[in-house]
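Undergrad: Take this structure, written in structure tokens, and hold onto it; I'll ask about it next.
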Amino acid sequence: MVRGRPTRAYLAVPAHRSRLVEKAAVSMADAVFMDLEDAVPPSEKLAALEEAVRSLSTLDWGTKIVAVRLNAIDSPFIDREIRALAPLARLDAVIVPKAERASDIAAIADRLLAAGPDRPAPVALELLIETALGLVNVDALAASHDSVSALHLGVGDFAASIGARCSDIGISPEGYRQTETAQSGYASAPLDLFAYPMMRVLVAARAFGLRAVDGPCGAFRDARLTESTAQKAAAMGFDGKQVIHPDQIEPTLRAFIPSGDELAQARRILEAMEQAEAQGQGAVTLDGKMIDYANVRMARRIIELGS
């Protein structure tokens with residue numbers, strides 16, 4: 001399992017909005033990324049980069065992971081961004097949007113190393129999987145360079161990439177959520193547009209020892225929807241979720257922290273297995289269910305998340 005600083009609530013903030021960046025630095029978010037890409041109009045790209053450099057050089061970010069989302073790999077801005085950002089010691093990672101080809105990621109990693117040779121540690125790469133091609137190539141992307149540390153799912157651009165008929169970020173379109181119960185006569189759960197790409201990104205991340213971060217819920221004023229989408233990501237096994245507004249931080253953090261009941265049950269499983277081992281057994285019945293060492297590993301993960 002991936003260890004290190006948590007990224008349960010990963011706050012996105014436009015880099016050129018200095019007041020919002022300053023608020024992000026003192027927020028309760030575990031991680032922050034200053035955006036140079038989609039949240040910044042072309043006329044503000046240079047100002048956004050200058051503000052990101054200033055913020056990394058002067059603000060107190062505490063123990064947060066601090067990242068910057070670069071512009072597209074083929075944009076005219078990325079070379080300047082790499083040269084300006086790579087030497088800054090407080091920069092933990094850059095987020096590469098629309099990651100699609102392993103060769104591009106390896107090239108960016110090499111350019112970052114060349115531009116920041118005196119850094120105490122290399123800049124980590126966090127890859128945004130937000131196109132159909134990126135998802136098809138996600139395993140190769142995850143293994144593309146030693147400095148890759150996380151995979152993010154870019155839900156908005158991914159929906160556009162596959163032609164989904166929706167305009168809300170991170171929410172399945174209404175028609176897709178309909179069930180077939182009336183027609184089939186079988187009970188069914190609502191379908192989820194993002195279930196497959198989420199699991200695909202998660203499996204690739206785990207296979208290569210990376211963190212997995214879900215994309216944001218665009219309905220930032222809806223605390224209930226924000227928390228429910230975060231609960232889905234947490235239940236699947238994601239390490240965190242992007243948030244696009246400070247109001248989303250608290251419900252997202254809450255979703256990724258195990259409840260008291262979950263922790264108590266996890267401890268009961270460990271205690272039951274300890275007793276079974278003392279009796280020379282590798283499995284035991286608890287609450288009418290058979291548990292073995294797979295349950296122990298799952299229970300330890302829950303306790304780890306709650307610590």
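Undergrad: State which residue is nearest to residue 53 (Cα to Cα) when the search covers only the range 79-105 and only residues that are among the hydrophobic types (A, V, I, L, M, F, W, C), open to solvent by 10 Å² or more (accessible area, probe 1.4 Å) and assigned to a helix (DSSP H, G or I).
TA: 84
Undergrad: Only one of (1) at pLDDT below 90; (2) more than 24 Å from residue 23 (Cα to Cα); (3) open to solvent by less than 60 Å² (accessible area, probe 1.4 Å) fails for residue 218. Which number is that?
TA: Condition (2) is where residue 218 drops out.
Rundown of residues vs (1) closer than 30 Å to residue 136 by Cα; (2) free of Cβ contacts under 8 Å to residues at least 60 places away in the same chain, yes/no style:
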| site | (1), (2) |
| --- | --- |
| 212 | yes, no |
| 220 | yes, yes |
| 231 | yes, yes |
| 239 | yes, no |
| 269 | no, yes |
| 282 | no, yes |
| 289 | no, yes |
| 303 | no, yes |
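Undergrad: Test residue 34 against the criterion of being touching a residue at least 12 places away in the same chain (Cβ under 8 Å) and either polar (S, T, N, Q) or in a loop (DSSP other than H, G, I, E, B) (or both), and give yes or no.
TA: Criteria not met by residue 34.
Undergrad: Still on this model: Which one of 299, 276 is part of a helix (DSSP H, G or I), at pLDDT 85 or above and either of a type in the set (A, V, I, L, M, F, W, C) or surrounded by fewer than 17 Cβ atoms within 10 Å (Cβ to Cβ) (or both)?
TA: 299
Undergrad: Follow-up question, since we're still on this one. Among the numbered criteria (1) open to solvent by 20 Å² or more (accessible area, probe 1.4 Å); (2) closer than 29 Å to residue 144 by Cβ; (3) at pLDDT 90 or above, which single criterion is violated by residue 238?
TA: (1)
Undergrad: As an exercise: evaluate residue 21 against (1) outside any helix (DSSP H, G or I); (2) touching a strand residue (DSSP E or B) at 6+ places or on another chain (Cβ under 8 Å); (3) among the hydrophobic types (A, V, I, L, M, F, W, C) and give the number of the one condition it does not meet.
TA: With (1) outside any helix (DSSP H, G or I); (2) touching a strand residue (DSSP E or B) at 6+ places or on another chain (Cβ under 8 Å); (3) among the hydrophobic types (A, V, I, L, M, F, W, C) applied to residue 21, the lone miss is (1).
Undergrad: Give 169, 162 a once-over and let me know the one that is modelled with pLDDT under 95, within 22 Å of the chain's Cα centre (by Cα) and more than 21 Å from residue 36 (Cβ to Cβ). Walk me through it before giving the result.
TA: Values: 169 fails: more than 21 Å from residue 36 (Cβ to Cβ).
Among 169, 162, only 162 is modelled with pLDDT under 95, within 22 Å of the chain's Cα centre (by Cα) and more than 21 Å from residue 36 (Cβ to Cβ).
Undergrad: So the check is Cβ under 7 Å with 6+ separation or different chains; which pairs have a first residue in the range 42-59 that's touching a residue at least 40 places away in the same chain (Cβ under 8 Å) and a second one that's among the small types (Gly, Ala, Ser) and not in a helix (DSSP H, G or I)?
TA: Once the first residue is touching a residue at least 40 places away in the same chain (Cβ under 8 Å) and sits in the range 42-59, no partner that is among the small types (Gly, Ala, Ser) and not in a helix (DSSP H, G or I) comes close enough.
Undergrad: For the range 251-273, which positions are among the hydroxyl-bearing types (Ser, Thr, Tyr) and assigned to a helix (DSSP H, G or I)?
TA: 252
This table checks each residue for (1) among the β-branched types (Val, Ile, Thr); (2) free of Cβ contacts under 8 Å to residues at least 24 places away in the same chain; (3) more than 17 Å from residue 37 (Cα to Cα).
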position	(1), (2), (3)
82	yes, no, no
99	no, no, no
112	no, no, yes
134	no, no, yes
141	no, no, yes
150	no, no, yes
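Undergrad: Still on this structure: Looking at the range 242-263, can you tell me whether even one residue there is crowded, with 20+ Cβ neighbours inside 10 Å and touching a Gly at 6+ places or on another chain (Cβ under 6 Å)?
TA: yes
Undergrad: Got a sec? Which of 48, 12, 67, 52 is open to solvent by less than 20 Å² (accessible area, probe 1.4 Å), within 16 Å of residue 127 (Cα to Cα), among the small types (Gly, Ala, Ser) and outside any loop (DSSP other than H, G, I, E, B)?
TA: Selected residue: 67, the only one of 48, 12, 67, 52 that is open to solvent by less than 20 Å² (accessible area, probe 1.4 Å), within 16 Å of residue 127 (Cα to Cα), among the small types (Gly, Ala, Ser) and outside any loop (DSSP other than H, G, I, E, B).
The values are calculated or read from the model by the stated rules, or taken from the named source; none is laboratory data. Quantities reported herein were computed from a predicted structural model and do not represent experimental measurements. Glycine also receives a Cβ, built like all others from the backbone with ideal geometry; neighbour counts cover every protein chain displayed. For accessibility, only protein heavy atoms count, side chains too; no ligands or nucleic acids. Shrake-Rupley method; radii C 1.70, N 1.55, O 1.52, S 1.80 Å.
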